[in-house]
Amino acid sequence: RGDEVEAVIIPQGAFSTLCVSSQVGCRQGCTFCATGTMGLLRSLAADEILAQLHAAAAAVRQHGMPPLRNVVFMGMGEPADNVEEVSRALHAMVHPFGFQLGRSYVCVSTVGPSPGHIRALEPLPARLAWSVHAADDR
């Protein structure tokens, strides 16, 4: 489709962390986030999320970086607005016949658009980070 997302490899000591995107853009409009200014173009399918991990694993090997151990959903998009595809991707990431990541090394970060969205994320095979922020600095 020609849409672009970001995935960032962060080498840290003996291991690397990969920051993946779940959407192209984001509908949340958080003022502290550059992605929020572009609006939501579309949600990514699970295979597109997993392609970021596959490409990053290849780049890590090619460039002699520390192996990938951690994955964080802190790239473009709000994972809670794409929970079905994020769930499918997460299950492949932690499955013994998939990417074999440890559940404790995978984290989904959300601004928590609603309490219902937070509840929908609870059964995912990952840690959950809720980004609590305010409309002003008070």
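The values are calculated or read from the model by the stated rules, or taken from the named source; none is laboratory data. Because the structure is predicted, anything quoted here is derived from the model rather than measured. Glycine gets a Cβ as well: all are built from the backbone with ideal geometry, and neighbour counts include every protein chain shown. Note: accessible area is taken over every heavy atom of the protein model, side chains too, but ligands, DNA and RNA are not part of it. Shrake-Rupley method; radii C 1.70, N 1.55, O 1.52, S 1.80 Å.
Scanning the range 68-92 for residues that are acidic (Asp, Glu) and either closer than 15 Å to Asp47 by Cα or part of a helix (DSSP H, G or I) (or both) returns Asp81, Glu84, Glu85. Within the range 22-29, identify whether any single residue is part of a helix (DSSP H, G or I) and either aromatic (Phe, Trp, Tyr) or over 21 Å from Gly102 (Cβ atoms) (or both), and answer yes or no. The answer is no; no qualifying residue exists.
Among the residues making up the range 121-133, those that are out of contact with any Ser or Thr (no Cβ under 8 Å at 6 or more places or on another chain) and within 21 Å of Cys30 (Cα to Cα) are Val132, His133.
In the range 94-109, what count of residues is obtained for those that are touching a Pro at 6+ places or on another chain (Cβ under 8 Å) and modelled with pLDDT of 95 or more? Write out each step before concluding.
Keep residues of the range 94-109 that are touching a Pro at 6+ places or on another chain (Cβ under 8 Å), which gives 94, 103, 106, 108-109.
Okay, now just the ones that are also modelled with pLDDT of 95 or more, so 94, 103, 106, 108.
Within the range 94-109, residues that are touching a Pro at 6+ places or on another chain (Cβ under 8 Å) and modelled with pLDDT of 95 or more number 4.
Within the range 122-137, identify whether any single residue is out of contact with any strand residue (DSSP E or B) (no Cβ under 8 Å at 6 or more places or on another chain) and either at positive phi or crowded, with 16+ Cβ neighbours inside 10 Å (or both), and answer yes or no. No, the range 122-137 has no match at all.
Could you identify the single residue in Gln12, Gln28 that is in contact (Cβ under 8 Å) with a residue 12 or more places away in the chain, under 17 Å from the mean Cα position of the chain (by Cα) and open to solvent by 40 Å² or more (accessible area, probe 1.4 Å)? Spell out the reasoning first.
Numbers: Gln12 fails: under 17 Å from the mean Cα position of the chain (by Cα).
None of the others qualify; the one that does is Gln28.
The residues of the range 49-69 that are open to solvent by 60 Å² or more (accessible area, probe 1.4 Å) and under 25 Å from Ser131 (Cβ atoms) amount to a single one, Arg69.
Open to solvent by less than 20 Å² (accessible area, probe 1.4 Å), among the aliphatic types (A, V, I, L, M) and farther than 20 Å from Pro123 by Cα: which single residue out of Leu90, Leu18, Leu40 fits that description? Step by step, each of Leu90, Leu18, Leu40 is checked, and only Leu18 is open to solvent by less than 20 Å² (accessible area, probe 1.4 Å), among the aliphatic types (A, V, I, L, M) and farther than 20 Å from Pro123 by Cα. Output the residues belonging to the range 99-118 that are under 16 Å from Pro67 (Cα atoms) and either in contact with a helix residue (DSSP H, G or I) (Cβ under 6 Å, 6 or more places away or on another chain) or open to solvent by less than 40 Å² (accessible area, probe 1.4 Å) (or both). Across the range 99-118, the qualifying residues are Phe99, Leu101, Gly102, Val106.
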